[in-house]
Each structure stands twice: as C-alpha cells, then as structure tokens.
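Since the structure comes first, as structure tokens, the remarks are kept for the end.
The values are calculated or read from the model by the stated rules, or taken from the named source; none is laboratory data. What you are looking at is a predicted structure, and each value in this text was computed from that prediction instead of being measured. Here the Cβ positions follow ideal geometry from the backbone for every residue, glycine too, while neighbour counts run over all protein chains shown. Ligands, DNA and RNA are stripped out before the accessible areas are found, and what is left, the full protein with its side chains, is counted by its heavy atoms. Shrake-Rupley method; radii C 1.70, N 1.55, O 1.52, S 1.80 Å.
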Amino acid sequence: MLIDSHAHLDMPDYDGDREEVLKRAAAAGVCAVVNVGFNRASSLGAIGLAESHSSVYCAVGVHPHDAKEFGERDLDRYRSMLAGPKTVAVGEIGLDFYRDLSPRPLQREVFRTFIRLAREVQKPIIVHDRDAHDEVVEILKAEKAREVGGVLHCFSGDWLMARECLNMGFLISFAGPLTYRGSTRLVEVARMAPKDMIMVETDCPYLTPQPFRGKRNEPAFVVRVAEELARVRSIPFERAAEITLANTRRLFRIE
Ligand code: NI
C-alpha cells in the first residue's frame with residue numbers, strides 16, 4: 001500500500017473521470033491521496049474532495065504562482081479552512097523563480113505569511129521550490145519552520161540542500177522526475193536520504209512518471225515512483241512502500 005502525498009485532483013483535468021481515477025488508485029494499492037490546494041478556489045476544492053471521499057486528505061495554501069492574488073484579508077479564510085478535520089497541512093507554498101508568475105517580493109511575503117500561519121495552527125508545511133533553493137532554505141530558517149516541519153515536495157535540489165532540509169526535520173518527497181533519464185543528482189538524494197525521511201507523490205496532473213510520460217498523470221502512477229525509489233536504494237518494492245507510507249502518515253498525522 002502507498003499514499004500519493006501530493007495530487008491536484010480538484011483540477012478540471014479530472015472533471016470527466018474523477019471517480020474512476022480514484023478507483024484506479026485504490027485498485028493499484030494507493031490507500032490515500034493528499035490533495036493539495038494552490039489558491040483559494042483550489043483549496044476549497046481540495047476540502048470538498050476530502051469531505052466526500054474517505055481516502056482523500058487535503059492541504060490548503062497559496063502557490064507562489066498565485067501569490068499575486070493573495071490579500072491579507074484572505075488570511076482568516078485560510079485559517080478556518082485549516083481547522084477542518086481532514087486538512088493535514090499548509091500548502092502548497094514556496095518560491096518559483098523559474099516561471100516567475102508572481103513578482104518575487106510577493107512570493108517571499110506570502111511564503112513567510114503561510115509559514116507563520118502553519119506555526120500558529122501547528123500543522124506541517126508542503127514546500128514548492130523551483131530554482132529558488134538558497135532562498136527557500138533561508139526563509140525556512142528565518143521563519144523557524146522547523147517548529148512544524150514538513151516536506152520539500154517534488155524535490156529538485158542537490159544532496160547539499162537536501163541535507164540542510166533534513167537537518168531542519170524536513171522530509172524529501174520524490175515524484176515522476178526520479179524516473180526520468182539523466183536525473184543523476186536526484187538519484188543521489190534518493191539513495192542517501194535516511195529511510196524515515198522520504199516520501200513519494202505524483203503531483204498529478206503534472207510530471208507523469210515513465211513509461212507513461214506524455215499522458216495525464218494520476219495517483220495510481222505513484223507506484224512507478226516507489227518502484228524507482230526501491231530500485232535506486234536496492235530494497236524490495238514492498239519495503240519502499242512500507243517506509244514511505246509510514247513516513248507520510250507520521251508527517252500528516254493520518255490514522
Ligand atoms: Ni503541486
């Protein structure tokens with residue numbers, strides 16, 4: 001059994017077959033999915049999905065792409081969304097200096113605001129980092145994110161960065177890119193990270209693992225990520241599943 005620790009099933013990509021996608025996940029051994037919000041509408045969508053499906057949990061937050069839409073007055077709305085019984089984390093939040101869809105000063109401010117909120121409500125954070133490794137680590141430190149911990153989702157840094165995050169108590173989550181050719185740096189991290197600090201995810205509908213690359217991604221495909229993790233760590237698949245399941249449940253306090 002596995003948990004897909006990061007999915008976006010609220011997106012319109014699944015409007016035609018959401019229930020079938022969840023059934024396929026269950027049939028593939030994916031016993032739970034954490035659906036992660038990226039703005040207000042998708043955070044509400046994530047909560048709705050979690051309320052209507054026993055196997056779905058959710059996180060609420062503002063993605064760096066959407067930082068420009070966020071206003072201080074929205075904070076109370078997020079605070080109440082975080083009180084829901086199936087809301088297990090604050091996320092996704094972070095910095096994206098690759099696409100720069102929101103101005104960087106705003107990205108930084110919103111990231112900081114949500115780390116503070118996470119500390120207030122004592123829930124872990126789900127961090128998105130693209131081409132912003134140094135600043136992400138700097139802000140995690142400055143805002144004392146260690147107090148609540150969390151996960152670097154779809155990790156894309158090197159071992160040096162991984163070690164810094166691990167030292168702060170953050171877990172590292174692997175997605176489809178682990179199955180792509182030429183991911184030498186990522187493979188190194190997947191090999192070296194301690195076994196109680198790793199998770200798997202799809203980040204669907206994006207980042208479809210091999211051999212399905214080019215198709216829409218879905219939680220059932222997290223099996224491929226776990227298979228690859230098992231391969232690079234030279235452990236049986238069942239062991240990789242067992243470890244990542246336990247880590248995900250511990251971080252998100254999923255029964
Ligand atoms: Ni995501």
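General remarks:
- Looking at ASN39, ASN35, just one residue is closer than 22 Å to THR208 by Cβ, touching a helix residue (DSSP H, G or I) at 6+ places or on another chain (Cβ under 6 Å) and either away from the ligand (no atom under 12 Å from the Cβ) or at pLDDT 95 or above (or both), and that residue is ASN35.
- Selection within segment 227-255 - open to solvent by less than 10 Å² (accessible area, probe 1.4 Å), under 15 Å from the mean Cα position of the chain (by Cα) and under 18 Å from GLY29 (Cβ atoms): THR244, ASN247, THR248
- Criterion (in a loop (DSSP other than H, G, I, E, B), in contact with a helix residue (DSSP H, G or I) (Cβ under 6 Å, 6 or more places away or on another chain) and hydrophobic (A, V, I, L, M, F, W, C)) met by exactly one of LEU166, LEU186, LEU207, LEU178: LEU207
- Checked against (1) over 19 Å from the mean Cα position of the chain (by Cα); (2) open to solvent by less than 10 Å² (accessible area, probe 1.4 Å), PRO124 passes all but condition (1).
- Of the numbered criteria (1) more than 25 Å from SER102 (Cα to Cα); (2) open to solvent by less than 50 Å² (accessible area, probe 1.4 Å), the one LEU160 fails is (2).
- Residue within segment 196-212 that is more than 19 Å from ALA25 (Cα to Cα) and among the acidic types (Asp, Glu) present: yes
- For segment 1-32, a residue qualifies if it is hydroxyl-bearing (Ser, Thr, Tyr) and away from the ligand (no atom under 13 Å from the Cβ), and exactly one does: TYR14.
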